[in-house]
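Presented below is the structure to which this report refers.
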Amino acid sequence: MKRTLGTCYYPEHWPQDIWAEDAKRMVEAGLSWVRIGEFAWSRIEPSPYQLDWQWLDKAVETLGNAGLKVIMGTPTATPPRWMLDKWPQMLAVDASGAPKKFGSRRNYCFSHQPYRLECQRICALLAKRYGDNPHIQAWQIDNEYSCHDTTLSYSEAALAEFKRWLKNKYDSIEALNNAWGNIFWSMEYNSFAQIQLPNQCVTDPNPSHLLDFKRFSSDQVVTFNRIQAEVLRKHSSAPLIHNYMGRITDFDHYKVGADLDIASWDSYPLGFLEDRSEEGDDWKLHFSQQGDPDFQAFHHDLYRSVGRGRWWIMEQQPGPVNWAPYNPAPLPGMVRLWSWEAFAHGAEAVCYFRWRQVPFAQEQMHTGLYTADNNPAPGLAEASAVAAEIETMPEVSTASAQVALVFDYESDWAWQIQPQGASFNYFKLVFDYYRALRSLGLSIDIIPPDSTSLENYKLVVIPGLMSFNTQLTAAIECFSGSVLAGPRSGSKTANFALNLQPPMPGINNKVSYVESLRPSVELPLKDSGKVFNWIETTTGDDPVIERTACDRPVLIGTDKRQYLTAWADREALIAMLKKLCVAEGIAVQELTEGVRVRETKTHRFVFNYNPQTVQYNGVSLAAAAVHWELL
């Protein structure tokens, strides 16, 4: 696999007489890719059906002739102002019933049929014009689905489509009433026409109703993306990409990815540390200029799965951003480290956002590889260093890990709907397991919940999975390795009713009841660590492997199939996972905090996320350093 670098460029922001110099500098910096066009609808089509291609033709020609490969973005995330005049009902509506307004981005409703047709039309125009252009080497569809909480819409268009979706799923209103348990609180319907959206209720809406609305909303994203993908494929053989975001779970990325060739994501380690981490202030202060040592890696592994092996970073932070609560500069060396960490996890390309800082509008405080007055910014030197290292580094392929972690979007929706405790968060639960595995020096594959085979792995970890489908159940039954599941795994049916059977394949105990614990309540374990947040009581004859200090069963099962009934802290998880790894012959190494390892087929990469030098196997790793060695 050949690693490559790129950047994000907005020719419509800059005078045409500097485009050629910009392109020349990009190539000199070692960049191969340049993304353009994803926000340019108002310049492509200034008024309805009045198209201006001259400037975009010149931009593509200028960049391509300089030796750059162009990623053309479809501009559907930013409809022009005339679009709203034409289709005033296209706006998304929030849960309070208020429509979004023009003046930013991502204001459209995925369900609005006329806007879908407008998107199909502009995609067709772009594809017909540039589908055979040799400079266009990839397409990005839309931009950052769900960013700014834009998946769910409570519009009239969404209501109409939701009713059709339900009719298609259940066929009869009797089947829907039965699936949702609508006898409760006299919520039964006589027809699909009576159904409303699950907002503005007096108290909690029916959880099955809300889960189906989240499923429907996710499917609307899938359909919206598919419409554009089908148009582009008619006119171009270049790969199709979407740029996902960090810790965005409002739609099923696996399903969107099934219609694409490459998954990409937008990596902002420092912004995400401040904006999306639940760690304490001391942790954030220690990693404030480096980012969380596991957050980027988690998403690298997730999007490798979403892309079925092919993935990129479409936007890599090269300096301070503008949108987090606090926006420090990366520690020297971190831009290089983030880039190599992505490559170690299998990235084909890392593209830096953006080429030049823009001196106006919402993102004027967001740095780029060049400053707003066109001087090199600190990130440029590190990007160029990575480009030079790529030329001397042998090509490598990502090896299949021995450990798999199941991540499921529907489970996140389910536990948002019914957390049964203010501190229960599915993403955080899964991330705790991922961090514990990484702390043991392990490489991890993240896999979807409908995986049909586990034969490549020795250990599979399944935290908080709402329900086990037939594919995963069959895969577990055929699996010779170890499985650790829980807590909450298998606790619901697909219709969001309580599962009255054992929670997972290979476990005989049933869950009798659950407790969510106050933040101050922690239950020490007899072995090591403690449990908190959540604990279940089970009944049955499964052996007890681990108990609390007060003799309450916590880990039950056999050598190969284990169920953890509680939310364990990091110390406890590391101890439990280490035992399972040793039993399966998986080599582990408890790493210094902030040091992480990723293995490819040929190399071991070691990353130091700390702001000071640390030791790893007799090697001194400087602050923000990456080290690699042949296996």
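The values are calculated or read from the model by the stated rules, or taken from the named source; none is laboratory data. This structure is a prediction, so every number in the text was calculated from the model and none was measured. FYI the Cβ positions are ideal-geometry reconstructions off the backbone, even for glycines, and counts take in every protein chain you see.
Residues of the range 136-150 that are buried (at least 20 other Cβ atoms within 10 Å of the Cβ) and either without any contact (Cβ under 8 Å) to a residue 60 or more places away in the chain or not assigned by TED's automatic domain parsing to the domain that holds Asp252 (or both): Thr150 alone. Taken over the range 312-336, the residue count meeting the criterion of being closer than 27 Å to Ala399 by Cβ and more than 20 Å from the chain's Cα centre (by Cα) is 4. The set of residues in the range 63-105 that are surrounded by fewer than 19 Cβ atoms within 10 Å (Cβ to Cβ), part of a helix (DSSP H, G or I) and not acidic (Asp, Glu) comprises Gly64, Asn65, Arg81, Trp82, Leu84, Lys86, Pro88, Gln89. Applying the criterion of at least 1 residues that are of a type outside the set (Phe, Trp, Tyr) and within 30 Å of Ala329 (Cα to Cα) to the strands (runs of 3 or more DSSP E) found wholly in the range 380-498 leaves 444-447.
Any idea which residue in the range 535-591 is farthest from Gln501 (Cα to Cα), counting only those that are β-branched (Val, Ile, Thr) and surrounded by fewer than 16 Cβ atoms within 10 Å (Cβ to Cβ)?
Initial filter on the range 535-591 (β-branched (Val, Ile, Thr)): 535, 537-539, 544-545, 548, 554, 556, 558, 565, 574, 582, 586, 588.
Keeping just the survivors that are surrounded by fewer than 16 Cβ atoms within 10 Å (Cβ to Cβ) gives 537, 539, 544, 558, 582.
Working: Thr537: 14, Thr539: 11, Val544: 19, Thr558: 18, Val582: 31 Å.
Across the range 535-591, the extreme among qualifying residues is Val582.
The sole residue among Asn327, Asn322 that is within 21 Å of Ala623 (Cα to Cα), assigned to a loop (DSSP other than H, G, I, E, B) and at pLDDT 95 or above is Asn327.
Selection of first residues in the range 225-249 that are in the same structural domain as Glu144 (by TED's automatic domain parsing) and on the phi < 0 side of the Ramachandran plot and of second residues that are outside any helix (DSSP H, G or I) and surrounded by fewer than 16 Cβ atoms within 10 Å (Cβ to Cβ), restricted to Cβ pairs under 6 Å at least 6 apart or on distinct chains, gives an empty result. Return the residues of the range 506-520 that are surrounded by 13 or more Cβ atoms within 10 Å (Cβ to Cβ) and either free of Cβ contacts under 8 Å to residues at least 40 places away in the same chain or basic (Lys, Arg) (or both); say none if nothing qualifies. Passing the criteria: Asn508, Lys510, Glu515. Every condition in (1) free of Cβ contacts under 8 Å to residues at least 60 places away in the same chain; (2) surrounded by fewer than 20 Cβ atoms within 10 Å (Cβ to Cβ); (3) within 23 Å of Trp265 (Cα to Cα) is met by Pro46 except one, and the failing one is (3). Taken residue by residue, the range 294-305 has no member that is hydroxyl-bearing (Ser, Thr, Tyr) and closer than 26 Å to Asp22 by Cα. So, of the residues in the range 432-465 that are of a type outside the set (A, V, I, L, M, F, W, C) and more than 19 Å from the chain's Cα centre (by Cα), which turns out to be farthest from Thr592 (Cα to Cα)? So the residue we want is Thr452. Scanning the range 169-188 for residues that are part of a loop (DSSP other than H, G, I, E, B) and either modelled with pLDDT under 95 or in contact with a helix residue (DSSP H, G or I) (Cβ under 8 Å, 6 or more places away or on another chain) (or both) yields Gly181, Asn182, Ile183, Met187, Glu188. Look at (1) under 16 Å from Ser146 (Cβ atoms); (2) not in a helix (DSSP H, G or I) and you find that Gln290 fails only one, number (1).
Within the range 1-12, which residues are of a type outside the set (A, V, I, L, M) and out of contact with any strand residue (DSSP E or B) (no Cβ under 8 Å at 6 or more places or on another chain)?
First pass over the range 1-12, keeping only residues of a type outside the set (A, V, I, L, M): 2-4, 6-12.
Lys2, Glu12 - these are the residues of the range 1-12 that are of a type outside the set (A, V, I, L, M) and out of contact with any strand residue (DSSP E or B) (no Cβ under 8 Å at 6 or more places or on another chain).
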